[in-house]
Each structure stands twice: as structure tokens, then as C-alpha cells.
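Asker: The structure's right below; bear with me while I get my questions together.
The values are calculated or read from the model by the stated rules, or taken from the named source; none is laboratory data. All figures in this text were calculated on a predicted structure; none of them were measured in a lab. Heads up, the Cβs are rebuilt from the backbone with ideal geometry, glycines too, and the neighbour counts pull from every protein chain shown.
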Amino acid sequence: MAAALGLPLNLTTWSIAALATLGVILRPFSWPEAIWAVAGALLLVALGLLPWPVALDGVAKGTDVYLFLVGMMLLSEIARKEGLFDWLAAHAVRAARGSATRLFWLVYVVGTVVTVFLSNDACAVVLTPAVFAATKAAGVKEPLPYLFICAFIANAASFVLPISNPANLVVFAEHMPPLGRWLATFTLPSVLAIVATYAVLYLTQRRDLRSETVATDVAIPSLRLGGKVAGAGIVATGAALIGASAAGIELGLPTFAAGLATTLVVLLLNRGGVVEVVRDVSWSVLPLVAGLFVLVEALEKTGVLAMLADLLRRAAAADPATTAWAGGAAVAFGSNLVNNLPAGLLAGAAVQAAHVSDKVAGAILIGVDLGPNLSVTGSLATILWLTAIRREGEDVSAWRFLKLGFLVMPPALVLALAALILV
């Protein structure tokens, strides 16, 4: 059919993938992001550009991600319903002692810890409702400066450990460095990225922070048994993720098992509530991810992967340092065009096929992890964050996020790459 229209098949495939991605970014008619990703995937199959068994293979490649997301969303929802976030928020506001800047710093530190030990997606799903609850308890008039932290730290701190971002496991695959070598490689770049992101975020938000008043006489709500169980489930999930990463086990199933077990225990304690939990989980994220995987499968079928691997191999052989700089920057900005999860799949496959050095592979990983701080659709974590703040009645346009991301992301990226390549 595409040939009858007089268009080369590859060009048609690329055009559909580009338009679907644009739909995810701009959300025409205010339709959810998932509609555009799924529509693009279905159109590729309907036009015969991608055989349906290949499309199903693409969907199946995301199984571990789906399991991971469902586990985290269940944990977040049950913790929210049991009042865990309200309880934590009240303690955070008390610790801020009336200072908007101190509350900003506290949220940033907690966001860093959650990202490092529970992953960037968990930061977006679990921390965002807690931060919103904290700002509400503190009587903050404008919560967005604090909510922005959840979006940006989720990516800035996502390469401290291998488990801090599922994309890390995709890029290195079976060639994952031992934890000691990982820390030696990425600790300094991570620290610089985290500090630079905080500095720019604070400078861009300080006007709003200075005009804020933070309540000091906040009552600490009682935490029910279900909330304690939810908190224990989140801690146990973090431990399970670290153990799974050390054992080389995919993270999806342990996360799903922990989230489901925690939810079932709380529901049993409450003797009900299944319908409410199932109703309030953001299930639309799953078809969005599936659609993105299919779009990547279609791009791979056009030979993009082979071209990227060949280009990377020749460039790395000629000038490794320049290739690391260029590769990290290209993937960083490119991740915002197709989302960093599919970009990580392509980049990781190209890295493994090209057999490049650890430094080049590390630069590309930094680009995959940190680059998405440019746009609201750059990473799955940011999309999850956007979904979470919409549930609370907040929203951020793609243009507003891009303007802030253009200030936040480049300095952190340059410092992180410099630390990796030059130090």
C-alpha cells in the first residue's frame, strides 16, 4: 500500500514513527499519550510495513518493563490510600521549620535517595504524590517548584547504580560491569549531574520560593497498620531490586511480586478495596510503553540499528574521545525525540554490536539517562510524573517544561560527560 502511494517503505515507516512520537509530545486534542503511540503502531501493521508477529515480538520485549511499572504503581496507590504519603509529608514540613528553601532541599535529597535505590520510575510514581501532599500540608501556594524536583532528579540521579534506571540494564545487557567498576566509572559524573541539576533548578525557582510561606504547626496524622505495611513493602522492594541487580536478575518480576504482595496484604487487613485500587492505577502507561516498543521494532526493521552500529564502530576506532562526546550528546538529544527507553534499546544494541570501549558505552548511557531532562516526553519517568501531577490537578505544558529543561539538562550533561571522558 505504501508503495502505491509512491513513497519508499523506509521513509513511510520513519514518518509514521515520527508523527506518532510528535503526538505523544504535543497531545493534540488533549488526547492521552498512549493513543498516539498505539495508533502509530497499529498503522504500521495495517499498512503492511510491520508484520503483526514482529509487532507482537516488539510488545513482548517490554514484558519486564510492564511488570516493573505495575509493581511500582500498585505500591504507590496502596501507599497513597493508606495515608503513608500524608504522614511522611507532615514530617517533611516539620523538618523544614518554616523555610521554603529548606523544604526544597529536603525534597531534593529524598528524591535522590529514592531514585538511586528504587529507580527513576519509582521516584516519579512514589515520590510525586508524597511531595504534593507535603506542599498541601505546608500551605504552599505554588507546588510546581517542588514537583519539578521529582521529574528532574529522577533522571539526574539515574546512573548512580545499575538499578537506578531500567535503561541501564538495557544499554549494557549481558556486559554489565561489576558494581565496583560501575561506581568507579559513574560516581563522579553522577555527583556532578545531581549537583548541577539542583543548582539550576534552585536558581530558576528561587523567586517562587522566596515568596512562599511554609506552615510550621502541621499536625502529624496517625499512620494506620496498612500504611506501615505499605512503607515496609516499599523498603522491601528496594532491597529486592538491589539483590536482583547483584544477581543479574531482571527487575520486573521482583518488583511486580513485591507490589502485588504488599497490596494483597493491605487489602486483606482492610477486608476490601480491590475495586478502588484497580480503578485508580494509571493503566494507560502500559499501552504507551508497548506502542513505543513497536515503533522501535519498526525502526530496527528498516536497518537503522545496523547503520548506527557501523557508524559507531568506525567513529570509535578513529577517535574514541570525540566519539564519546558526540555519542553521549547525540543520544541525549535523540532520546527526547523517541523517548529514552526505545532510544536505550537502539543505542544498547548498537553498543553491543559495535564492541566499543567502556568509556564510549558509558557516555552513551549518560546520554540515555540524563538527556531526557530536556523534554516532558524524554523518559518514561517524566511521563509517569506528568500523569501523577495531573491526578492532583496540576499540569505542565510541553513548551514550559522544554524551556526549563533547556536550562537544566545541558550543564549537567556537559559536566557528567567531562568527568567520564577527561578525568
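Asker: Of these, S30, S99, which one is hydroxyl-bearing (S, T, Y), modelled with pLDDT under 85, more than 20 Å from V235 (Cβ to Cβ) and out of contact with any strand residue (DSSP E or B) (no Cβ under 6 Å at 6 or more places or on another chain)?
Answerer: Selected residue: S30, the only one of S30, S99 that is hydroxyl-bearing (S, T, Y), modelled with pLDDT under 85, more than 20 Å from V235 (Cβ to Cβ) and out of contact with any strand residue (DSSP E or B) (no Cβ under 6 Å at 6 or more places or on another chain).
Asker: Moving on. Pairs, please: C-beta under 8 Å, at least 6 apart or cross-chain, first residue free of Cβ contacts under 8 Å to residues at least 24 places away in the same chain and in segment 233-250, second surrounded by 16 or more Cβ atoms within 10 Å (Cβ to Cβ)?
Answerer: A240/P254; A240/T255; A240/A258; G243/P254
Asker: Pairs under 6 Å by beta carbon, first residue without any contact (Cβ under 8 Å) to a residue 60 or more places away in the chain and farther than 17 Å from A156 by Cα in segment 198-219, partner among the charged types (D, E, K, R) and surrounded by 11 or more Cβ atoms within 10 Å (Cβ to Cβ), six or more apart or different chains?
Answerer: Pairs found: none.
Asker: Same structure again: Among the residues that make up segment 378-396, is at least one of them of a type outside the set (K, R), part of a loop (DSSP other than H, G, I, E, B), touching a residue at least 40 places away in the same chain (Cβ under 8 Å) and under 19 Å from A196 (Cβ atoms)? Spell out the reasoning first.
Answerer: The first filter runs over segment 378-396 and keeps only residues of a type outside the set (K, R), leaving 378-389, 392-396.
Going one step further and asking which of them are part of a loop (DSSP other than H, G, I, E, B), we end up with 378-379, 392-396.
Right, trim to touching a residue at least 40 places away in the same chain (Cβ under 8 Å) and you get 378-379, 392, 394, 396.
Within this subset, residues satisfying the condition of being under 19 Å from A196 (Cβ atoms) are 378-379.
Yes: one or more hits.
Asker: So which of A398, A318, A347 ends up being closer than 27 Å to V125 by Cβ and surrounded by fewer than 24 Cβ atoms within 10 Å (Cβ to Cβ)?
Answerer: The conditions single out A398.
Asker: As an exercise: evaluate V277 against (1) assigned to a loop (DSSP other than H, G, I, E, B); (2) surrounded by fewer than 20 Cβ atoms within 10 Å (Cβ to Cβ); (3) not basic (K, R) and give the number of the one condition it does not meet.
Answerer: (1)
Asker: Can I ask one more? From (1) at pLDDT 90 or above; (2) surrounded by 23 or more Cβ atoms within 10 Å (Cβ to Cβ); (3) of a type in the set (F, W, Y), pick out the condition that doesn't hold for W52.
Answerer: With respect to (1) at pLDDT 90 or above; (2) surrounded by 23 or more Cβ atoms within 10 Å (Cβ to Cβ); (3) of a type in the set (F, W, Y), W52 is out only on (2).
Asker: Looking for whichever is surrounded by 24 or more Cβ atoms within 10 Å (Cβ to Cβ), over 17 Å from the mean Cα position of the chain (by Cα), farther than 17 Å from M72 by Cα and not small (G, A, S) here; the options are L144, L183, L188, L103. Which one fits?
Answerer: L103
Asker: Same structure, new question: Give the residue, chosen from G327, G344, that is part of a helix (DSSP H, G or I) and touching a residue at least 60 places away in the same chain (Cβ under 8 Å). It would help to see each step written out before you state the result.
Answerer: Working: G327 fails: touching a residue at least 60 places away in the same chain (Cβ under 8 Å).
Result of the check over G327, G344: G344.
Asker: Give segment 201-228 a look and list any residue that's among the hydrophobic types (A, V, I, L, M, F, W, C), surrounded by 21 or more Cβ atoms within 10 Å (Cβ to Cβ) and either assigned to a helix (DSSP H, G or I) or on the phi > 0 side of the Ramachandran plot (or both), or say none.
Answerer: L201 - this is the single residue of segment 201-228 that is among the hydrophobic types (A, V, I, L, M, F, W, C), surrounded by 21 or more Cβ atoms within 10 Å (Cβ to Cβ) and either assigned to a helix (DSSP H, G or I) or on the phi > 0 side of the Ramachandran plot (or both).
Asker: Let me ask something else about it. Within segment 1-27, restricting attention to residues that are at pLDDT 80 or above and of a type in the set (S, T, N, Q), which residue is surrounded by the fewest Cβ atoms within 10 Å (Cβ to Cβ)?
Answerer: Result: S15.
Asker: Does A416 satisfy being surrounded by 23 or more Cβ atoms within 10 Å (Cβ to Cβ), in a helix (DSSP H, G or I) and touching a Pro at 6+ places or on another chain (Cβ under 6 Å)?
Answerer: Considered against the rule, which asks whether it is surrounded by 23 or more Cβ atoms within 10 Å (Cβ to Cβ), in a helix (DSSP H, G or I) and touching a Pro at 6+ places or on another chain (Cβ under 6 Å), A416 comes out as yes.
Asker: From the list A138, A130, pick out the single residue that is in contact (Cβ under 8 Å) with a residue 60 or more places away in the chain, of a type outside the set (S, T, N, Q) and crowded, with 22+ Cβ neighbours inside 10 Å.
Answerer: Exactly one residue qualifies, and that residue is A138.
Asker: Next question, about the same structure. Suppose we filter segment 230-263 for residues that are in a helix (DSSP H, G or I) and either over 26 Å from the mean Cα position of the chain (by Cα) or acidic (D, E) (or both); how many remain?
Answerer: Result for segment 230-263: 0.
Asker: Could you please tell me which pairs satisfy a Cβ distance under 7 Å, a separation of 6+ or placement on different chains, a first residue in segment 273-298 that is touching a residue at least 24 places away in the same chain (Cβ under 8 Å), and a second residue that is among the aromatic types (F, W, Y)?
Answerer: If the second residue must be among the aromatic types (F, W, Y), the pairs left are L286/Y66; V289/Y66.
Asker: Another question, then. Given the residues L292, L365, which is the only one that is at pLDDT 90 or above and in a helix (DSSP H, G or I)?
Answerer: L365
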